[in-house]
1. Points 7 angstrom from Cα along the Cβ direction at LEU24 and GLN186: gap in nanometres?
2. Determine how large the accessible area of GLU161 is when every protein chain is in place; take a 1.4 Å probe and give Å² rounded to the nearest 10.
3. According to the square roots a ≥ b ≥ c of the eigenvalues of the Cα gyration tensor, what is the shape class of the stretch 130-191, taking rounded for a/c under 1.5, prolate for a/b larger than b/c otherwise, and oblate for the remainder?
4. Between ARG126 and ALA38, take the C-beta separation as r, use R0 = 51 Å, and let me know the FRET efficiency to the nearest 0.05.
5. With Cβ to Cβ distances under 15 Å as the rule, what net charge do the other residues near CYS144 carry (K, R +1; D, E -1)?
6. Give the accessible area for MET292 in Å² (nearest 10); use a 1.4 Å probe, count only protein heavy atoms, and leave out ligands, DNA and RNA.
7. For a quick check of understanding: with a 1.4 angstrom probe and all protein chains in place, what accessible area in square angstrom does ARG339 have, to the nearest ten?
8. Please report the Cα spread of the stretch 85-139 along all three principal axes, rounded to whole Å, starting with the longest.
Amino acid sequence: MTLRERATRTRSLPPLGGDAPGLLLAAAGVAAAIAVHAAVPAVPKLTAAVVLGMAAAHLPGLRPVVRGVARPGLSMAGKRLMRLGIVLLGLKLSLDDVLGLGWATVAMVLAVVAATFTGTLWLGRRLGLPGDQPLLVATGYSICGASAIGAVSQAAGSEEEDVAASVALVTLCGTLAIAVLPLLQQPFGLGDVEFGRWVGASVHDVGQVVATAQTGGAGALREAVLVKLMRVVLLAPLVAGMAVAVRRRARRGGEAVVGADQESGEDPAKNPVKTCSRPPIVPLFVAGFLAMIVLRTTGVLPERALTLAGDTQELLLAAALFGLGSAVHLPTMVRTGGRLALLGLGSWVVVAGVSYAGVLVTT
């Protein structure tokens, strides 16, 4: 083959475009996060993935790629791979395990989630944070960190910048909890079981819960995971409620558009731009999440399949969080950084204080 023929063949090959560059970059980010976790086991893979995504977005060599050719694939990872990861997250839950906690603990978890969500949402709006940031931070603190933020943002149609800033804040505070909470076990007079339940009720992400609770031993770790998974169960009704709210808002917006068209004499059917789509009451990935809980409860899946699903879920969420981290724009965060940090601190005080009181009452 002559040089001219090779050049012609090279020009005829389709360029690598679409989602492929971003997905390849996300895969590289996941590999790097795994390496970080292997080198420093105290750093969960998901936490490392977010930080690496943020770093990639600001490194001079990678910044043009992240903001350019890789952006579509990274955005797709932050959305679709997040949904798949949340579906598989349901296989970590069993209704039998949750009910085995006892009604007092279940009531305590409900109270912690309700107080944290409403308190954070109220404070965020009082601080004047933009967009859906108050809602997303409230969700992340009260339910399960970045996974919950991703789920609710899908139902609410949140802006990518709001999602990225909220994930960064929740990840940072959850990472700090790994170092801070074990230091408070003895001063707060908590035994291993009580400490585990406090961690499970107050720390955001599942990986961060495991990293924090394992310092208290096997008993603390078991209680922490069970309480934490009880919080994860509440993700489904929260997302469904958000979908209902968005549906009602879309309906009101559609009625307003129709009224304006009637006044102007315009036929709404001829103006597709003004058509309002209504999101489903229960998003498909939430239905899949619930289906996986039921499947796990039946006990038909072997342990090997559950282990494989757990590893796959962690890889999907790591890729999604790398994509979300790459959307963080630090100059934008700096403009609202003080208010966002204040919201994070206030919410942390609420969730830690209410859960500590709940553990003392129920144990």
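1. With each label placed 7 Å out from Cα toward Cβ, I get 5.3 nm.
2. The value for GLU161 is about 110 Å².
3. It comes out prolate by the Cα gyration axes.
4. Here the calculated transfer efficiency is 0.75.
5. Neighbourhood net charge equals +2.
6. Roll a 1.4 Å probe over it and MET292 shows about 40 Å².
7. 90 Å²
8. Largest first, the stretch 85-139 extends 42, 29, 7 Å along its Cα principal axes.
The values are calculated or read from the model by the stated rules, or taken from the named source; none is laboratory data. Here the structure is a predicted model, which is why all the values come from computation and not from measurement. When we count neighbours, we look across all protein chains shown, and the Cβ atoms used for this are built from the backbone with ideal geometry, even at glycine. Surface areas here come from the heavy atoms of the whole protein model, side chains and all, with no ligands, DNA or RNA. Shrake-Rupley method; radii C 1.70, N 1.55, O 1.52, S 1.80 Å.
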